[in-house]
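Structure record follows, encoded as structure tokens.
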Amino acid sequence: GQALAIFAAISGFGALNGWILLQGELPLQLARRGVFPAAFGKLSRWQTPAIGLCLSSVLVTALVLMNYGRSLVEIFTFMILLSTTATLVLYLACAVATLVLLRRGAIARAPHTAWLAIAAILGGLYALWTLYGAGGEALLWGLVLLVASIPVFYLMRRVAVVAARA
């Protein structure tokens, strides 16, 4: 039992470090590409994406507070499932986009094209299977997050159009 607890703690710390890095880096890169508000693309004097880290931390804290009736293990499991679900949507979108680009001929035909299609199909199936395995609650909250991002997407598109006209 103690060995299992040690490995669970190592897994938790590893996931925590990875998600902390991701919660700062993803908004930073999206802002640099004009998909997220420009404030997320600014670095602090220590060269860290402080705004993304702070806002993500506030959102994670709110998520924990929303689940205060659960045990720490249940909260951790839910947060891992939710973050994995949100990430898998990106993987699924990339797999579908690859297949669409191959179908349109936007990717040059080469000997590796068949392998790329196979990888996209397998990646898409894996993402769907893992999304199914995450369960209904994580999928529902992932859908809520996805729907909440739609206004931000259209706002940033509008900002880009206005900036292009200027």
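The values are calculated or read from the model by the stated rules, or taken from the named source; none is laboratory data. Keep in mind the model is a prediction, meaning the values are calculated, not measured. All Cβ positions, glycine included, derive from the backbone under ideal geometry; neighbour counts span all protein chains shown. Calculation scope for accessible area: heavy atoms of the full protein, side chains included, ligands and nucleic acids excluded. Shrake-Rupley method; radii C 1.70, N 1.55, O 1.52, S 1.80 Å.
Considering the range 70-91 alone, what residues qualify as being open to solvent by 40 Å² or more (accessible area, probe 1.4 Å), in a helix (DSSP H, G or I) and free of Cβ contacts under 8 Å to residues at least 24 places away in the same chain? Spell out the reasoning first.
Quick first cut of the range 70-91, residues open to solvent by 40 Å² or more (accessible area, probe 1.4 Å) only: 70-74, 76-77, 79-81, 84, 86, 89-91.
Still in the list and also in a helix (DSSP H, G or I): 72-74, 76-77, 79-81, 84, 86, 89-91.
Hits for the range 70-91 are L72, V73, E74, T77, M79, L90.
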Query raised in the report: Can you find a residue in the range 152-164 that is within 24 Å of G34 (Cβ to Cβ), surrounded by 12 or more Cβ atoms within 10 Å (Cβ to Cβ) and among the basic types (K, R)?
Result: yes
Query raised in the report: In this structure, does G41 turn out to be open to solvent by less than 70 Å² (accessible area, probe 1.4 Å), touching a residue at least 12 places away in the same chain (Cβ under 8 Å) and either charged (D, E, K, R) or more than 20 Å from A86 (Cα to Cα) (or both)?
Result: yes
Requested in this report: Looking for whichever is without any contact (Cβ under 8 Å) to a residue 60 or more places away in the chain and outside any helix (DSSP H, G or I) here; the options are A110, A114, A163. Which one fits?
Outcome: A110
